[in-house]
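Input: a single structure, listed below in structure tokens.
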Amino acid sequence: MTTAAERSLGVHRVLEPAGVLPQAAHRLDADGPTGRDEVRIDVERLNLDAASFRQLTEAHGGDGDAVRAAVLGIVAERGKMQNPVTGSGGMLIGRVAEVGEDSPLGLAVGQRVATLVSLTLTPLRITDGLERWDGRSEQVPARGTAVLFARSIAAVLPDDLPEQVALALLDVCGAPALVERVVRRGSSVAVLGAAGKSGCLSVAAAREAHARRVVGVVRDEREAAALRAAGLAHEVVVADATDPLSVSAALGEPVDTTVVCVDVPGAEHGAVLATADGGTVVFFGMATSFPAAALGAEGMAADVRMLIGNGYTPGHAALALDLYRRTAGVRALIDPRVHA
């Protein structure tokens, strides 16, 4: 018998192994009836996180049909979308279908919402075979159902933005909110992966926090040109985020805060090397390795604070949406990715 506190975390939906929370579970119950403190969502679209989508695409040689089959297989086996290689998932949008009488989320039947908790802990059932998805984009048109717990988070979709844009922004809204909290006025900031969704929002947040120097680090000249045209960063440099010496050389003077928004493994050492003693490294990429970061910093005798972006900071959804609305450079970088 689970307690009310355990139910609020979704423990009652864990099928195996016993004694873990939903995110750590191998399999969740996505089929049981809606509980008194739960909300059931009719799914309309999934947004796979960048690291997971990249891994699936590379593992299947870019074959969209194989990627689609892999996602269906994961959800069918696990009752949630959690890539077994990256451990990450994404989030979804849909319409509220049922609200338990004791749910504290404040949602109403019929509202269109985006879940602000990971698909790795969200009970999920797919009913349409993802037949409208070609397996070649992070955004996945889908039909099915999902369950939110009492301690889940969801945001009602804004009326003034296309749903694909809102989904892309809300998927990474934790990044700019934490950057705004960490960056000090007059400090220096480097963002690895600055031309991506979380990256450009982080650059914009650093500028709004009145950093004196904001450097956008990108992987090639195409991204550099796009970031320069957007006018978000004070400086734009090209470097392979997985090559520590390249990152350090491109930046020159170490920065007070380094924000990692790349979706590939191996960026830990470059981020540490780019950060001045007493500074902070913020890891948002789901491909981050804790041992590589911790042991690498130790091996470099680097006196840096390392933070893992957990995707939730109070007010994070509103901040990301507002940055998009009022920052032309953010729109210039987000829109081509969403509508590609």
Q. Just one of the numbered conditions (1) more than 19 Å from Arg13 (Cα to Cα); (2) surrounded by 15 or more Cβ atoms within 10 Å (Cβ to Cβ); (3) within 19 Å of the chain's Cα centre (by Cα) is not true of Val67; which one?
A. (3)
Q: Check region 286-296 and report whether any residue there is touching a residue at least 60 places away in the same chain (Cβ under 8 Å), outside any helix (DSSP H, G or I), assigned by TED's automatic domain parsing to the domain that holds Ser188 and crowded, with 17+ Cβ neighbours inside 10 Å.
A: yes
**Q.** Elements of type helices (runs of 4 or more DSSP H) contained in region 178-269, each with 1 or more residues being of a type outside the set (Gly, Ala, Ser) and touching a Cys at 6+ places or on another chain (Cβ under 9 Å)
**A.** 197-208, 221-230
Q | Qualifying residue in region 255-271 (condition: surrounded by fewer than 22 Cβ atoms within 10 Å (Cβ to Cβ), over 19 Å from the mean Cα position of the chain (by Cα), of a type in the set (A, V, I, L, M) and not assigned by TED's automatic domain parsing to the domain that holds Ala50) | A | no
Q) Does Arg40 satisfy the criteria of being outside any helix (DSSP H, G or I) and either closer than 26 Å to Ala108 by Cα or in contact (Cβ under 8 Å) with a residue 40 or more places away in the chain (or both)? A) yes
Q: Tell me, yes or no, whether region 207-223 has at least one residue that is farther than 16 Å from Thr257 by Cβ and of a type in the set (A, V, I, L, M, F, W, C).
A: yes
Q. Considering region 96-113 alone, what residues qualify as being surrounded by 15 or more Cβ atoms within 10 Å (Cβ to Cβ) and either part of a strand (DSSP E or B) or not hydrophobic (A, V, I, L, M, F, W, C) (or both)?
A. Val96, Ala97, Glu98, Val99, Gly100, Ser103, Gln111, Arg112, Val113
Q. Can Arg143 be described as of a type in the set (Lys, Arg), outside any strand (DSSP E or B) and surrounded by fewer than 20 Cβ atoms within 10 Å (Cβ to Cβ)?
A. no
Q. Looking at Asn83, Asn47, which one is touching an Asp or Glu at 6+ places or on another chain (Cβ under 7 Å) and assigned by TED's automatic domain parsing to the domain that holds Leu121?
A. Asn47
Q: Taking the options Ala18, Ala50, Ala59, name whichever one is out of contact with any strand residue (DSSP E or B) (no Cβ under 7 Å at 6 or more places or on another chain) and within 28 Å of Arg112 (Cα to Cα).
A: Ala50
Q) Filtering region 26-57 down to residues that are modelled with pLDDT under 95 and of a type in the set (Gly, Ala, Ser), which residue is surrounded by the fewest Cβ atoms within 10 Å (Cβ to Cβ)? A) Gly32
Q: May I ask you to verify whether Thr120 is farther than 24 Å from Ala50 by Cβ and among the hydroxyl-bearing types (Ser, Thr, Tyr)?
A: no
**Q.** Tally of residues being in contact with a Pro (Cβ under 9 Å, 6 or more places away or on another chain) and either exposed (fewer than 15 other Cβ atoms within 10 Å of the Cβ) or not in a helix (DSSP H, G or I) (or both) across region 1-25
**A.** 4
Q) For region 15-36, what are the residues that are of a type in the set (A, V, I, L, M) and more than 13 Å from Val147 (Cα to Cα)? A) Leu15, Ala18, Val20, Leu21, Ala24, Ala25
**Q.** Residues of region 114-129 that turn out to be touching a Leu at 6+ places or on another chain (Cβ under 6 Å) and either among the β-branched types (Val, Ile, Thr) or surrounded by fewer than 21 Cβ atoms within 10 Å (Cβ to Cβ) (or both), as a count
**A.** 1
(Q) Take the conditions over 26 Å from Leu72 (Cα atoms), over 18 Å from the mean Cα position of the chain (by Cα) and surrounded by fewer than 23 Cβ atoms within 10 Å (Cβ to Cβ) and apply them to Arg136. Does it pass? (A) no
Q) List, please: which pairs have Cβ atoms under 8 Å, are six or more places apart or on different chains, and start with a residue in region 63-85 that is under 13 Å from Leu121 (Cα atoms) and end with one that is assigned to a helix (DSSP H, G or I) and among the hydroxyl-bearing types (Ser, Thr, Tyr)? A) Lys80/Thr120; Met81/Thr120; Gln82/Thr120; Asn83/Ser52
Q.
Go through region 26-46 and report how many residues are over 19 Å from Gly90 (Cα atoms) and of a type in the set (Lys, Arg).
A. 1
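The values are calculated or read from the model by the stated rules, or taken from the named source; none is laboratory data. In this text the structure is predicted, and so the values were computed from the model without any measurement. Glycine gets a Cβ as well: all are built from the backbone with ideal geometry, and neighbour counts include every protein chain shown.
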